[in-house]
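Right, one structure below, let's go through it.
The values are calculated or read from the model by the stated rules, or taken from the named source; none is laboratory data. As the structure is a prediction and not an experimental result, all values here were calculated from the model. Cβ: placed from backbone, ideal geometry, glycine included. Neighbour counts: every protein chain shown. Note: accessible area is taken over every heavy atom of the protein model, side chains too, but ligands, DNA and RNA are not part of it. Shrake-Rupley method; radii C 1.70, N 1.55, O 1.52, S 1.80 Å.
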Amino acid sequence: MPKVATTLSDLQVRRLKGDGVYFVGGVVGLALRIKNFQKTFFFRYTSPVTKTRREITIGSYSVCSLKRAREQAAEYRMQISEGIDPLLLREETLQKQREEAVRQERAAITVSKLADLFIQYKDTFSDWSVKDRDLFFSRLGRYILPIIGKRVISEVTPQQIAEVLQPLWLQHRAVAAKTRQMLRQMFSWAKAKDYFDGANPVDPQVLQHLLPKRIIQEPRHHAMLAVSEMPRFMKALMQYEGIAARCLQFAILTATRSGNAREALWEEINWDKKQWIIPAEKMKASANGDHIVPLSDQALELIRSVQTQGYSRYIFPSPMGNGKLSDAALKVVIRALHMQALEKGEKGFVDPKQKTKNELPAVATPHGLARATFRTWAQDDELGNDKRFSASIAELCLHHKIDDAYNGAYERNQALKSRAEMMQAWANYCLSKE
């Protein structure tokens, strides 16, 4: 049996001094610890569960009276008689309280808060580009948050997701698809983090029944320029000042995508072999390997003319800094040349076979000028090509995949020689009015 301590009064407890442990009586195991002038009540007992000596803090004497300490100790003694360990019970209770607080906190997460958490995660653990991050913020602010930003994520339904996508679904298919993908990633991440229970509300199989049916339209191609109009356009382009105009000129002479021309680096130029070698990872069809672009005399002369600017690793750097040009910069040049032609009473630079959504003639695009017009010229019987080059050579110039039978039959060096001849013929034709 434990020794029964003398039952002290509150005055006696108040007068206790000196560091140590003092059993105050009233309930077996109730004691006062004094350390550094601080008095704390605690309860010492043998656990009915672990059979070991344990103690549990009751509270500081400054906020917990002797009477309250005895009441609490008596409650603990009652628990022990029922086979309950007070310390284990307290720990379990605190754990449940913590879990409930977390549950309530997560139950209150809105779509706006989820977006903040997801962005923090992406900024920390993802290598997303500045462009992708800016697009994420743009779509978030324009399409998502105004409609469901204040909604708790656990209560978001597929119907509400459809409400976000509906304004974009018919007129802006690509934006709608990207926005849906964004939402699906956010909710998938939230579910992985256990922020909500239930199914992901962004389910394409469900959404297809909630969104209007799309009318299948014929695919729209990049507006090009009639082959016969290319020399006139190039003459106007060469008279137009600015690095964007030179970049567009280079893209046309090399029949490359505007993105590749805008991202062209000085280190990719092999001056000895008169080639521009674009790494496979920068190509749309990266599986086709590096794209070796034979450079015509005119293309070489063009990049030599801008080489003196040399303050950037980009051949055609943005005038706003040393980064690359935007795709819009090349489109602005084409639009300006088109308007200049109209002001002079001349024919504008439009695709004769393409119309805009408003049924107006479509102004040529960088892609259409550099690649579609080139490909048409390559198969033309009358203008420039006159069947001198095969279709396979033209496809190689565009970095398109060709039949394996052709690959096996045509030696690589011979193909490069033919491509160099073709690119020179193309440059000669484009600049025939100069």
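One quarter of the convex hull surface built on the alpha carbon atoms of region 153-273 amounts to 13.6 nm², the projected area averaged over directions. Per the Debye calculation on region 231-318 with a single equal scatterer at every Cα and no solvent contribution, log₁₀ I(q)/I(0) for q = 0.10 Å⁻¹ amounts to -0.24.
Taking the Cα atoms only, what angle lies between the long axis of helix 158-169 and the longest principal axis of the chain, rounded to 10 degrees? Helix 158-169 sits at roughly 20 degrees to that axis.
To the nearest 20 debye, what is the magnitude of the charge dipole of the chain about its Cα centre, counting +1 on the Cβ of each Lys and Arg and -1 on the Cβ of each Asp and Glu?
Dipole magnitude for the chain comes out near 2040 debye.
What value, in deg cm²/dmol to 500, does the helix sum -39500 (n - 2.57) over DSSP H runs of n ≥ 4 give at 222 nm once divided by the residues of the chain? Roughly -14000 deg cm²/dmol at 222 nm, from the helical runs in the chain.
Among LEU88, LEU135, LEU330, the residue with the largest mean-square fluctuation in a Gaussian network model of the chain, with springs joining Cα atoms closer than 10 Å, is LEU88. Database remark: amide H of ILE58 closer than 5 angstrom to the amide H of PHE41, PHE42, PHE43 (H placed geometrically; neighbours at sequence offset of 5 or more, or on other chains; Pro and chain starts carry no H).
Between VAL152, VAL206, VAL49, the Gaussian network model of the chain with springs among Cα atoms under 10 angstrom shows the greatest mean-square fluctuation at VAL49. Ligands, DNA and RNA excluded, the heavy atoms of LEU16 present near 30 Å² of accessible surface to a 1.4 Å solvent probe. When nucleic acids and ligands are ignored and a 1.4 Å probe is applied, MET238 ends up with an accessible area of around 70 Å².
Summary of packing: across the peptides 156-163, 245-252, the per-residue average of other C-beta atoms within 10 Å ranks them, highest first, as 245-252, 156-163. Heavy-atom accessible area, probed at 1.4 angstrom with all protein chains present, ranks SER60, SER286 as SER286, SER60, highest first. Using a probe of 1.4 Å, the accessible surface attributed to HIS221 totals some 130 Å² when neighbouring protein chains are kept in position.
Specify which labelled value, from (i) 20.4, 67; (ii) 38.1, 119; (iii) 22.3, 75, agrees with Rg and Dmax of the Cα atoms in Å derived from the coordinates of the model shown. Given (i) 20.4, 67; (ii) 38.1, 119; (iii) 22.3, 75, the structure-derived one carries the label (ii). Once the 1.4 Å probe is applied to the protein heavy atoms, the chain comes out at 58 Å² accessible per residue.
Accessible area ranking (1.4 Å probe, heavy atoms, ligands and nucleic acids excluded), largest first, for THR110, THR57: THR57, THR110. The angle between the Cα long axis of helix 412-430 and the longest principal axis of the Cα atoms of the chain comes to about 70 degrees, rounded to the nearest 10.
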